[in-house]
Amino acid sequence: MKTLFSKCAALIITLFLVSALAFFAFALIPADPATTMLGSEATPEAVAALRAQLGLDRPLPVRYFEWLTGFLRGDLGESYLYRMEVGQMLSGKLAVSALLTMLSFLLTVALSIPLGVLAGSVRNRYFDAAAVGLNQLVMSVPPFFLGILACYGLGIVLKWFTPGAYVSPEKDFWGCVRYLIFPALSIAIPRSAMAVKLLRSAIRDQLGQDYVRTARSRGASETSILLRQVLRNALLPVITFLAVSLAEIMTMSILIEQVFSIPGVGQLLLSSVSNRDYPVVLAIVMLLAAWIVTIHFLADLLTRLADPRVRLG
Amino acid sequence: MKKKRNPMLLFGGAISLLTVGAALLGAFWTPYNPTAVSAAEKFCPPSLVHLLGTDNFGRDVFSRVLQGMGASLLIAACVVAIGCLLGAAIGCLCGYFGGPADFLLTRLCDVVTAFPSVLLALVVVSLAGRGTVQIVLALGVLFIPSFARLVRGEAARCRDASYIQSARLMGVSHGRILLAHILPNLKGVLVPAIVIGFNNAILSEASMSFLGLGVQPPFPSLGSMLSDSQTYLQLAPWYAFSAGAAIALLILGFSLLGEGLQRRRRA
Amino acid sequence: MLQVEHLSVRFPGRSATAVEDVSFCLNRGEILGLVGESGSGKSVTAQCLAGLLLPDAEVTGSIRLDSQELNGASPVQLRAVRGKEVAMVFQEPMTSLNPVLRVERQVEEALRIHTHLNARQRRDRALAAMAEAELPDPAALGRRYPHQLSGGQLQRAMIAAALVSEPKYLLCDEITTALDVTVQVQILDLLGKLSRERNMGVLFISHDLRLVKKLCHRALVMRGGRIVETGTVEELFQAPREAYTRRLLDAIPTRDSKLR
């Protein structure tokens with residue numbers, strides 16, 4: 001209970017620090033948003049007026065405090081470029097990115113656990129060498145390249161889907177899911193290869209433990225030992241890895257959205273970076289950072305719950 | 001004891017040697033000028049004349065891949081050099097001296113390593129602008145924490161070792177202990193970490209270039225080639241395959257090498 | 001009767017045989033000691049009896065349980081024997097239990113495998129076995145995880161787990177080695193009591209001759225994979241025939257040896 005409390009406190013402090021760091025970093029960049037917005041021919045008076053309107057003439061800590069309280073209330077700021085609420089710009093895109101992330105995550109879990117158990121339990125030298133080799137190869141393919149391969153192989157050659165023909169979930173939810181399966185696979189396959197590697201070595205490690213010999217001496221079958229006893233121990237490190245994957249998948253989807261032309265948060269982030277639309281970049285970065293920090297926090301809690309030795313001290 | 005076979009080290013070394021060799025070759029000689037445009041030779045499929053075909057400007061893909069690998073490796077080397085040198089220095093001092101600065105820096109490193117490097121690089125690029133130098137500096141700085149964390153742990157372990165304690169009792173200065181006793185101990189953890197860092201740097205650089213935020217055209221870069229090739233995927237799939245396979249090959253080589261080195265260390 | 005005849009075990013890639021031409025029998029209700037220095041083949045013999053050796057070990061000879069031949073039996077037949085007819089307790093109680101499962105769940109493991117009892121019946125039998133193994137407050141301890149128990153408690157839990165399916169033979173491989181001296185004595189008393197009450201054959205493997213002398217009826221002395229001497233404990237301790245046995249006996253520290 002005490003650890004839970006201190007972990008929560010650490011989470012809040014971390015989020016606070018990250019927000020301050022991000023805000024001041026974006027506030028200190030040399031380019032003045034007012035000049036950028038009005039163009040280089042604008043009169044100094046017009047620039048000054050706009051600065052006042054945007055609130056840029058007030059001291060930094062005040063602006064930070066206002067931004068933070070606004071952020072917590074759901075006011076994510078206003079885009080310089082489109083003069084639009086960032087929250088409004090994000091609303092549809094966030095859902096798409098969340099859907100893609102969830103799909104990728106579910107596929108990663110669904111692929112990695114059975115394959116990892118298989119790789120960990122089969123005791124055949126040739127099978128093992130082939131599995132390890134294949135695994136390393138798959139791990140080395142960057143998701144965005146795998147996405148391009150999928151576009152070519154599954155899209156252009158086999159015509160299972162049309163690359164670029166994205167359907168929004170409001171219009172046709174299942175059509176959207178069907179399209180997102182391919183980008184999700186491109187993210188999930190290399191990611192599961194890493195999880196398989198981890199699970200394989202964890203199972204190998206656990207199979208050599210004394211309690212396995214005990215279970216054998218009770219007459220338990222190898223399958224029941226593997227699934228009922230070994231897997232529970234071997235999954236402990238994998239749980240953390242998979243949970244942290246949720247954070248990695250989110251960034252990978254920035255790249256994958258480019259490959260499959262999915263109008264998600266990643267595309268908005270990239271275009272805002274190109275356009276130097278700082279409030280949008282700041283808001284998205286802050287949201288992603290909050291997501292990542294929270295995921296790490298939850299992963300830690302989950303490990304504690306799953307492992308009685310850590311849970312009970 | 002019988003020496004254990006280490007196929008990962010073997011294959012990894014061979015692939016890395018091949019890619020580094022190809023990149024070195026590309027630095028001095030390529031079959032064609034990688035930036036020479038030829039309208040007549042647009043989208044030639046792979047043949048004996050153009051080993052990997054030509055792209056949308058009629059440029060030889062093989063020559064561009066060779067130079068792109070060189071660029072990737074050079075950038076990765078700079079990134080890892082920055083990350084490793086600064087990270088090792090910070091980690092060494094933190095681990096050896098401890099104290100509140102150590103506590104603070106360790107927490108900071110923990111936070112930074114929790115974030116995916118592509119996201120952080122995106123932030124830095126949005127602040128500092130795009131370009132090769134920015135990418136190298138941004139990724140280099142982002143690689144510091146992982147090295148610092150690793151070295152800190154090792155240095156803190158060494159500090160408590162009895163031979164360091166006795167050296168201190170004999171009045172050896174801190175500087176000498178760090179250089180003569182702790183530094184040699186770090187080699188074991190640093191070598192695999194450098195190889196793995198190299199691997200991550202190549203992936204991060206390729207990702208950033210793929211997003212158009214890394215090496216700027218017309219210089220060949222594997223990531224931006226891959227991004228360009230996507231438009232012509234139907235017309236010239238070999239373009240995408242060559243660029244992507246080159247990235248995958250670089251990563252495969254260094255990941256196997258890193259894995260092999262770690263296994264040898266453990267064995 | 002558990003009868004072993006001309007048992008030899010060799011591992012591929014090693015020139016020396018781990019166990020060579022070992023013959024003995026273990027009757028129900030009897031406690032048989034197996035002594036020898038480490039590496040003498042004691043553990044390999046015991047694991048061979050329970051069919052726990054790696055599949056690449058070459059086992060020749062005969063192991064007969066009552067009338068059933070175990071050497072060369074199919075994995076399914078072996079599994080039916082293990083944990084039901086022949087149970088085993090190991091040296092390291094700390095690592096011999098699965099760290100993520102509750103103790104109770106592990107004590108009833110054999111019932112899950114060998115019987116069709118429902119959860120309640122299994123739990124009742126497990127608690128009874130734990131009480132018989134003299135674990136204080138079985139209901140509370142059973143709810144705990146292995147790392148929350150002491151070494152002695154864990155070893156009692158292991159014994160309870162072995163007893164739960166009422167085996168005819170119990171193989172104890174150095175089960176007191178990792179425990180404190182006072183706990184060792186308690187465990188020995190427990191084994192003696194269980195053997196008498198349940199008419200159970202116990203193979204007690206130890207490198208500690210004092211424990212063997214205290215507990216066992218007969219004993220075997222092993223060296224280099226062979227049995228060098230057999231006899232009742234009285235014979236062995238009073239009048240050892242072999243020089244090796246005598247040396248082992250001399251190595252026991254006594255009150256006199258300190259004064260000498």
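The values are calculated or read from the model by the stated rules, or taken from the named source; none is laboratory data. Computed from a predicted structure; not experimentally measured. Cβ placement follows ideal geometry from the backbone for every residue including glycine, while neighbour counts extend to all protein chains displayed. Note: accessible area is taken over every heavy atom of the protein model, side chains too, but ligands, DNA and RNA are not part of it. Shrake-Rupley method; radii C 1.70, N 1.55, O 1.52, S 1.80 Å.
Structure notes:
- Listed peptides B:196-208, C:45-57 by packing density, highest first (mean Cβ within 10 Å): B:196-208, C:45-57
- Net charge contributed by nearby residues that have their C-beta within less than 14 Å of A:SER140 (K/R +1, D/E -1): +1
- Listed peptides A:110-121, B:46-57 by packing density, highest first (mean Cβ within 10 Å): A:110-121, B:46-57
- For the stretch B:156-203 versus the stretch A:97-114, the gap between their alpha-carbon centres in whole angstrom: 40
- Portion, in percent, of the accessible area of the protein assembly as shown that falls on carbon or sulfur, probe 1.4 Å: 62
- Estimated 222 nm signal from helices in chain B, with DSSP H stretches of n ≥ 4 weighted -39500 (n - 2.57), rounded to 500: -24500 deg cm²/dmol
- Quarter of the Cα convex hull surface for chain B, i.e. its orientation-mean projected area (nm²): 17.6
- Selected from C:SER206, C:SER195, C:SER15 as most flexible by GNM, with chain C as the system and alpha-carbon contacts under 10 Å: C:SER15
- The interface between chain C and chain A buries about 2200 Å² of solvent-accessible area in total (1.4 Å probe, ligands and nucleic acids excluded).
- Number of partner chain Cβ atoms within 10 Å, mean per residue of A:259-265: 1
- Point-to-point label distance, A:ALA290-B:LEU104, nm (Cα→Cβ direction, 7 Å offset): 2.8
- Highest-first arrangement of B:239-246, C:187-194, where packing means the average Cβ count within 10 Å: B:239-246, C:187-194
- For B:VAL125, the accessible area of its heavy atoms, probed at 1.4 Å with every protein chain present, is near 10 square angstrom.
- J(HN,Hα) series, the stretch A:185-198, from Karplus relation 6.51 cos²θ - 1.76 cosθ + 1.60, nearest Hz, glycine and proline x: 5, 4, 7, 6, 5, x, 5, 5, 4, 5, 5, 4, 4, 5
- Solvent exposure of the stretch B:58-187 amounts to 44 Å² per residue of accessible area, where only protein heavy atoms count and the probe is 1.4 Å.
- Across A:LYS197/C:LYS42; C:LYS42/C:LYS214; A:LYS7/B:LYS187; A:LYS93/A:LYS159; C:LYS42/C:LYS84; A:LYS7/A:LYS93, pairs whose alpha-carbon gap is larger than 29 Å: A:LYS197/C:LYS42; A:LYS7/B:LYS187; A:LYS7/A:LYS93
- Remark on the stretch B:71-118: accessible area falls by at least 20 square angstrom from chain-alone to full-complex state for B:VAL111, B:ALA114, B:PHE115, B:PRO116, B:VAL118, probe 1.4 angstrom.
- Of A:VAL96, A:VAL18, A:VAL265, the one that fluctuates the most in a GNM where chain A has Cα springs shorter than 10 Å: A:VAL18
- Grouping the Cα pair distances of the stretch C:117-244 into 10 Å bins from zero gives a pair-distance distribution of 11, 38, 31, 13, 6, 0 percent in increasing distance order.
- Helix-only CD estimate at 222 nm, as mean residue ellipticity for chain A, using -39500 (n - 2.57) per DSSP H run (n ≥ 4): -25000 deg cm²/dmol
- Extension gain, C:LEU54 back to C:ARG210 (0.36 nm per residue minus Cα-Cα distance, nm): 53.0 nm
- Size of the protein assembly as shown as Cα extents on the principal axes (Å, biggest first): 113, 69, 66
- For B:ARG168, the accessible surface of its heavy atoms amounts to roughly 100 Å² (probe 1.4 Å, protein chains only, rounded to the nearest 10).
- For the options B:SER209, B:SER146, B:SER38, a Gaussian network treatment of chain B with springs between C-alpha atoms closer than 10 Å singles out B:SER38 as fluctuating the most.
- For the segment B:125-133, counting C-beta atoms of other chains within 10 Å of every residue's C-beta and taking the mean gives 4.
- Protein heavy-atom accessible area occluded, B/A pair - total, 1.4 Å probe, Å²: 3200
- Beta bridges per DSSP with both ends in chain C, % antiparallel, nearest 5: 50
- Mean Kyte hydropathy of -1.0 or more with a Cα span along the axis of at least 24 Å, helices from DSSP in chain B: B:7-28, B:61-97, B:132-159, B:183-210, B:237-266
- Between 0 and 90°, nearest 10: helix A:265-275 axis offset from chain A longest Cα axis: 40
- Taking Cα atoms only, the orientation of helix A:86-121 departs from the longest principal axis of chain A by about 20 degrees.
- Degrees separating the helix A:278-306 axis from the principal Cα axis of chain A, which is the longest one: 30
- Heavy-atom accessible area per residue - chain A, 1.4 Å, Å²: 47
- DSSP beta bridges in the protein assembly as shown [antiparallel fraction, %, rounded to 5]: 55
- Neighbouring partner chain Cβ atoms per residue of A:133-141, average, 10 Å criterion: 5
- Spatial separation of Cα centroids for the stretch C:41-99 and the stretch A:211-239, in angstrom: 18
- Comparing the full protein assembly with the isolated chain (1.4 Å probe, heavy atoms, ligands and nucleic acids excluded), the residues of the stretch A:202-222 losing at least 40 square angstrom of accessible area are A:ASP210, A:TYR211, A:ARG213, A:THR214, A:ARG216, A:SER217, A:ARG218, A:GLY219.
- At R0 = 22 Å, FRET efficiency that the Cβ-Cβ distance of B:LEU74 and B:LYS42 yields, to 0.05: 0.15
- Note on the stretch A:139-161 and the stretch B:1-78: Cα centroid distance 22 Å, given to the nearest whole angstrom.
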